[in-house]
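Worksheet: the structure to be examined is printed underneath.
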Amino acid sequence: MFPLNLPNALTMLRILAVPVVVVALLVEMPNGDIIAAAVFAAAALTDGLDGYIARSRNSITTFGKLMDPLADKLLIIGALVSLVSLGRLEAWVAMVIIAREVAVTILRTIAAERGLVIAASWLGKAKTVLQIAAVIALIATNPSPAWVDVLVYAAVAVTIVSGADYFFGLRRRIDQQQRERAAAAGNTELA
């Protein structure tokens, strides 16, 4: 069982919102797009909110550290796959975004095994905002106007750049860690 606090409850609500968004998009129902957009937007808001509350109340948990990024990825991936299946988004766009998310998750695992934590950069935050805005715009507008296409391509570009930034940032941290360990090993040999 996970520690029940407000940030963790918000994370769980975000995970529970994923099937609601998918069903509202894929099942023909009155106002399905409006419901999907509203639930997606509300769930996306909880992403920033749960982290802020956890830090401000000093209620950061291992569950939250693991499940918060997973909930974010599930929400984005569920919406993207649904939009592709509806023909509102090209599959390559979804694959680029999903591949970046999977790659960064793998890199985070590697970093954690080495005891490294790479904090979210401003590029990562911009990526998240652009992805959320693009998904909401794609859900809310059908067919999508040109400005939505521009937003989607901006989200893809920042997704790629932020993924590269994360990769090279982790590489620098690993190199730095290795230098520090080598220096520490050299100091113990001199003692």
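Using the beta-carbon distance between Ala99 and Leu49 and R0 = 25 Å, what value does 1/(1 + (r/R0)^6) give for FRET efficiency, to the nearest 0.05? Could you put the intermediate results ahead of the total?
Details: r = 28 Å, r/R0 = 1.11.
Efficiency at R0 = 25 Å is approximately 0.35.
Using the per-residue mean of other Cβ atoms lying within 10 Å as a proxy for protection, in what order, highest first, do the peptides 71-82, 153-164 fall?
Details: 71-82: 21.2, 153-164: 18.1.
Highest-to-lowest ranking by the protection proxy: 71-82, 153-164.
As a check on your grasp of the helix formula, calculate [θ] at 222 nm for the chain: sum -39500 (n - 2.57) over DSSP H runs of n ≥ 4, divide by the residue count, round to the nearest 500.
Working: 6 runs with 157 residues, N = 191.
Computed ellipticity for the chain at 222 nm equals -29500 deg cm²/dmol.
Computed over the Cα atoms, what is the radius of gyration of the stretch 89-128 divided by 2.2 N^0.38 Å, N being its residue count?
Details: Rg = 12.2 Å, N = 40, 2.2 N^0.38 = 8.9 Å.
Its radius of gyration relative to the 2.2 N^0.38 Å reference: 1.37.
Provide the FRET efficiency to the nearest 0.05 for the Lys65-Ile160 pair, computing r from the beta carbons and using R0 = 25 Å. Don't skip to the answer; put the middle values down first.
Numbers: r = 26 Å, r/R0 = 1.03.
Here the calculated transfer efficiency is 0.45.
Once you place label points 7 Å from the Cα toward the Cβ at Ala146 and Trp122, how far apart are they in nm?
3.0
With charges only on Cβ, +1 for K and R and -1 for D and E, what is the dipole size of the stretch 71-154 about its Cα centre, in debye, rounded to 20? Mind dumping the intermediate values first?
Details: 7 positive and 5 negative charges, 40 e Å.
Dipole about the Cα centre, nearest 20: 200 debye.
Taking the Cα centre of the stretch 104-191 as origin, sum charge times position over the Cβ atoms of Lys and Arg (+1) and Asp and Glu (-1), and report the length of that vector in debye to the nearest 20. Display every interim value, and only then the final one.
Details: 9 positive and 6 negative charges, 24 e Å.
My answer is approximately 120 debye.
Show me 100-107, 10-17 ranked by packing, highest mean number of other Cβ atoms within 10 Å first. Working shown, then result.
Working: 100-107: 16.2, 10-17: 19.2.
Packing order, densest peptide first, comes out as 10-17, 100-107.
Each residue of the stretch 123-131 in order: what ³J(HN,Hα) in whole Hz does its phi give by Karplus 6.51 cos²θ - 1.76 cosθ + 1.60, θ = phi - 60°, with x for Gly and Pro?
Once θ is set to phi - 60°, the couplings for the stretch 123-131 become 5, x, 5, 5, 4, 4, 4, 5, 4 Hz.
Students often get this wrong: which residues of the stretch 2-46 have the backbone nitrogen under 14 Å from the point 7 angstrom along Cα-to-C-beta of Asn58?
Zone members listed by number: none at all.
Can you give the relative contact order of the chain as a percent, counting alpha carbon pairs under 8 Å and 6+ residues apart? Please list the in-between numbers first.
Values: 169 pairs, mean separation 42.9, N = 191.
Worked out over the chain, it gives 22 percent.
Which whole-Hz couplings ³J(HN,Hα) result when phi for each residue of the stretch 135-151 is put into the Karplus expression 6.51 cos²θ - 1.76 cosθ + 1.60, θ = phi - 60°, listed in order with x for Gly and Pro?
For the stretch 135-151, the Karplus curve yields 5, 4, 5, 5, 6, 6, 10, 8, x, 7, x, 4, 5, 5, 4, 4, 4 Hz.
Through the Karplus equation 6.51 cos²θ - 1.76 cosθ + 1.60, θ set to phi - 60°, convert the phi angles of the stretch 35-42 into ³J(HN,Hα) values in whole Hz; use x for Gly and Pro.
4, 4, 5, 5, 5, 4, 4, 5
Per residue, how much accessible area does the stretch 64-191 have with a 1.4 Å probe, in Å²?
On the way: 7180 Å² over 128 residues.
About 56 Å² of surface per residue is accessible.
Along the positive direction of the dipole of the stretch 24-69 (beta-carbon charges: Lys, Arg +1; Asp, Glu -1; about the Cα centre), which of Ile35, Ala24, Pro69 reaches farthest?
Pro69
Run the dipole for the chain about the Cα centre, Lys and Arg Cβ at +1, Asp and Glu Cβ at -1, nothing else charged, and hand back the magnitude in debye, nearest 20. Could you put the intermediate results ahead of the total?
Numbers: 16 positive and 14 negative charges, 110 e Å.
In total the dipole reaches around 520 debye.
The values are calculated or read from the model by the stated rules, or taken from the named source; none is laboratory data. In this text the structure is predicted, and so the values were computed from the model without any measurement. Neighbour counts run over all protein chains shown; Cβ positions are idealised from the backbone, glycine included. Only protein heavy atoms, including side chains, enter the accessible area calculation; ligands, DNA and RNA are left aside. Shrake-Rupley method; radii C 1.70, N 1.55, O 1.52, S 1.80 Å.
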